[in-house]
Amino acid sequence: MKHYKKLLPLAALLACNVALANWQVPSDVKQLVVVTTKDWQAIQGQMQVYQRQDGQWQAADITTPVTIGRTGMAWGIGLHPEQPGQQKQEGDGKAPAGVFRLTTAFGYQALNNLQLPYEQMQSSHYCMDVNGSPYYNQIVDSQKVGEKAVEGSTEGMRRDLHNGDDLYKKGIVVEHNGGNISGAGSCIFMHLWRAEDKPTAGCTAMPEGAMDKLLGWLEAEKHPALLLLPEDEYQKLRSEWALP
């Protein structure tokens, strides 16, 4: 019995390591938006999309330069196993690295013929980036949850009305930190950029033409995901994670 007690933690550890080593992009993900950057500190990158057919990734005709967080990237919380290294935190200016579901599209105007769920934003919509909020990392309507519930949010979803810009004119929710852990980073989107040399607060941004193509290509039934990694990390994980 004493030997069993000593071996159990080791066995559990080995089982965990095997599970991590065997992780790959889930088979239900048929569309993958791949963004790579020069290194962990880079604010610019390149996007290429892929569709899985007969178990193989095939490149689709959507590619564009993008900008990411003003301080580069750090590991986020997504589909991938927890990774060693710097972790994404609220307010750090970093985009989350890893693999994340793309769940919902949003924008200022009504958009038709999309194959992703879409929500038209109003002036009362906010994404909560306030640590400790019960609505942390969630888009809420102040007309439903109350004005007090959105106090302190810096993420009014109608930026044309709150901030005087069109960054959120069209966008896609990136499911980082799906458990809404306070302080682990919130309100991560793909959205329109200011310019090719202007980074974001942690999102992935692109020209409007590229966003239009991406929105027209994504299909909810194909369970699309975003993969964001520095190029060296991508090459290291390419075979292990079954990446394009």
Pseudo-spin-label distance residue 180 to residue 115, built 7 Å along Cα→Cβ, given in nm, is 3.0
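Could the peptides 138-145, 228-235 be put in order, highest first, of the mean number of other beta-carbon atoms found within 10 Å of their residues?
Final packing ranking: 228-235, 138-145.
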Using alpha-carbon coordinates alone, the radius of gyration and Dmax of the stretch 22-92 in Å work out to 14.0, 41
Ranked output for segments 208-214, 98-104 by mean other Cβ atoms within 10 Å, highest leading, reads 98-104, 208-214
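As a test, work out the antiparallel percent of DSSP beta bridges whose residues both lie in the chain, rounded to the nearest 5.
65
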Taking a crude spin-label model, label points 7 Å out from Cα along the C-beta direction, the residue 23 to residue 86 distance in nm is 2.0
Most packed first (mean Cβ within 10 Å per residue), the peptides 80-87, 31-38 order as 31-38, 80-87
Of 125, 223, ordered by accessible area with the largest first and a 1.4 Å probe, the sequence is 223, 125
Two pseudo-spin positions, 7 Å from Cα along C-beta at residue 48 and at residue 223, lie apart in nanometres by 2.4
The pairs in 198/236; 38/148; 144/198 lying past 32 Å Cα-Cα in this model are 38/148; 144/198
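The values are calculated or read from the model by the stated rules, or taken from the named source; none is laboratory data. The structure presented is a predicted model; accordingly, all values stated were derived computationally and were not measured. Note: ideal-geometry Cβ built from the backbone for every residue, glycine included; neighbour counts use all protein chains shown. Just the protein is used for accessible areas: all its heavy atoms, side chains included, with ligands, DNA and RNA removed. Shrake-Rupley method; radii C 1.70, N 1.55, O 1.52, S 1.80 Å.
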